[in-house]
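What follows is a single structure, written as structure tokens, with notes after it.
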Amino acid sequence: GQRLEGKRALVTAAGQGIGRASAIAMAKEGAEVFATDVNMEALSTIRDENLENIQIFELDARSTDSVTAGVAKANPDVLFNCAGFVHHGTILEATDDELDFAFDLNVRSMVRTMRAALPGMLERGGGSIINMSSALGSIMGAPNRFIYGTTKAAVVGLTKSVAVDYIKQGIRCNCICPGTVESPSWHDRVTALGKELGDYDAAMAQFVARQPMGRVATAEEIAALVVYLAADESAFTTGHTHIIDGGWSGQ
Ligand code: NAD
């Protein structure tokens, strides 16, 4: 199907994981996709998909200049803010530098891209913004996710605020709240915990045990929700947290 025909979609952090899978899924649905990342080496592998309607370019979500230039190039109808980082630890372990970094990448990056993209969306009378939150944060807490949960809860707040302010002008703004998803950075987290425990398999078992289904999600399963929120078929939903967590928080 071509559910996104005629739409221009900008994705941050499309080099790997959920961002990459979402860029590919949106292109397969007919969108003109602008896939961006700071890691051009990872991002360039998207060319292997042989999808003519994906353009790639470098966009640093932590830089206002980079975001402004990238948004001007893409002029998006759909904005998927996917960039984010997971810090490990409790409030007593979190450093101010880590907090500043996480608020900048996980939260302020979205302020930058939305400030840049909203004027064009308003001019055209419509747009769909999809922000990457997490099941961890406003939905539930998890051990050693203080910085992460705090910033991902902030994403819910900014999403609802933008949704309310522009609801009459055809702009929709939703966020997605995944459970644990298979991705390169997730594999790094499993490996790190494995080193801590001295047992990789035990670390993997711990992550999988968090998920009541007994498995983690694929990036493609999250991308399907991104496609839905980007498409006009989701026209009646805005300002919401779309939980996709394998039943984690629903137990
Ligand atoms: P990932 O963490 O493996 O990849 C992240 C990508 O972000 C990398 O390609 C990296 O180069 C890019 N990036 C880093 N800094 C950037 C910057 N300044 N500007 C632009 N791009 C930058 O991918 P993932 O695990 O799929 O995570 C993607 C998003 O999904 C994150 O916001 C994450 O918090 C969120 N999330 C992930 C999970 C999970 O379990 N994997 C669960 C819930 C939410």
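The values are calculated or read from the model by the stated rules, or taken from the named source; none is laboratory data. In this text the structure is predicted, and so the values were computed from the model without any measurement. Here the Cβ positions follow ideal geometry from the backbone for every residue, glycine too, while neighbour counts run over all protein chains shown.
For first residues located in the stretch 29-42 and within 16 Å of the ligand (Cβ to nearest atom), partners that are aromatic (Phe, Trp, Tyr) and not in a loop (DSSP other than H, G, I, E, B) and lie 6+ apart or on another chain with Cβ distances below 6 Å form the pairs Thr36/Phe57. Would you check if there is a residue in the stretch 142-151 being within 12 Å of the ligand (Cβ to nearest atom), among the polar types (S, T, N, Q), touching a residue at least 40 places away in the same chain (Cβ under 8 Å) and more than 17 Å from Ala230 (Cβ to Cβ)? Within the stretch 142-151 (the criterion being within 12 Å of the ligand (Cβ to nearest atom), among the polar types (S, T, N, Q), touching a residue at least 40 places away in the same chain (Cβ under 8 Å) and more than 17 Å from Ala230 (Cβ to Cβ)), the answer is yes, since at least one residue qualifies. The set of residues in the stretch 193-241 that are β-branched (Val, Ile, Thr) and surrounded by fewer than 17 Cβ atoms within 10 Å (Cβ to Cβ) comprises Val208, Thr218, Thr237. Would you confirm whether any residue within the stretch 123-130 is crowded, with 24+ Cβ neighbours inside 10 Å, modelled with pLDDT of 95 or more, within 16 Å of the ligand (Cβ to nearest atom) and part of a helix (DSSP H, G or I)? For the stretch 123-130, residues crowded, with 24+ Cβ neighbours inside 10 Å, modelled with pLDDT of 95 or more, within 16 Å of the ligand (Cβ to nearest atom) and part of a helix (DSSP H, G or I): absent. Are any of the residues in the stretch 111-118 under 30 Å from Gly30 (Cα atoms), touching a residue at least 12 places away in the same chain (Cβ under 8 Å), surrounded by 23 or more Cβ atoms within 10 Å (Cβ to Cβ) and touching a Cys at 6+ places or on another chain (Cβ under 7 Å)? No, the stretch 111-118 contains no residue that is under 30 Å from Gly30 (Cα atoms), touching a residue at least 12 places away in the same chain (Cβ under 8 Å), surrounded by 23 or more Cβ atoms within 10 Å (Cβ to Cβ) and touching a Cys at 6+ places or on another chain (Cβ under 7 Å).
Hey, Ile244 hits all of (1) more than 17 Å from Met132 (Cα to Cα); (2) of a type in the set (A, V, I, L, M); (3) surrounded by fewer than 20 Cβ atoms within 10 Å (Cβ to Cβ) but one; which does it fall short on? Among (1) more than 17 Å from Met132 (Cα to Cα); (2) of a type in the set (A, V, I, L, M); (3) surrounded by fewer than 20 Cβ atoms within 10 Å (Cβ to Cβ), Ile244 violates only (1).
Kindly indicate whether Glu5 is of a type in the set (D, E, K, R), out of contact with any Phe, Trp or Tyr (no Cβ under 7 Å at 6 or more places or on another chain) and in contact (Cβ under 8 Å) with a residue 12 or more places away in the chain. Considered against the rule, which asks whether it is of a type in the set (D, E, K, R), out of contact with any Phe, Trp or Tyr (no Cβ under 7 Å at 6 or more places or on another chain) and in contact (Cβ under 8 Å) with a residue 12 or more places away in the chain, Glu5 comes out as yes. Is the stretch 176-184 home to any residue that is of a type in the set (D, E, K, R), away from the ligand (no atom under 16 Å from the Cβ) and at pLDDT 95 or above? Scanning the stretch 176-184, I find no residue that is of a type in the set (D, E, K, R), away from the ligand (no atom under 16 Å from the Cβ) and at pLDDT 95 or above, so the answer is no.
Just one residue in the set Ala83, Ala14, Ala69 is within 16 Å of the ligand (Cβ to nearest atom), small (Gly, Ala, Ser) and not in a loop (DSSP other than H, G, I, E, B); that residue is Ala69. Among the conditions (1) free of Cβ contacts under 8 Å to residues at least 24 places away in the same chain; (2) assigned to a helix (DSSP H, G or I); (3) more than 14 Å from the ligand (Cβ to nearest atom), the only one that Gln55 does not satisfy is (2). Yes or no: the stretch 62-70 includes at least one residue that is farther than 22 Å from Met114 by Cβ and surrounded by fewer than 24 Cβ atoms within 10 Å (Cβ to Cβ). No. Once the stretch 131-147 is narrowed to residues that are crowded, with 23+ Cβ neighbours inside 10 Å and not aliphatic (A, V, I, L, M), the residue that is farthest from the chain's Cα centre (by Cα) is Gly137. Summed over the stretch 17-28, the residues that are crowded, with 21+ Cβ neighbours inside 10 Å and more than 16 Å from the ligand (Cβ to nearest atom) give a count of 1.
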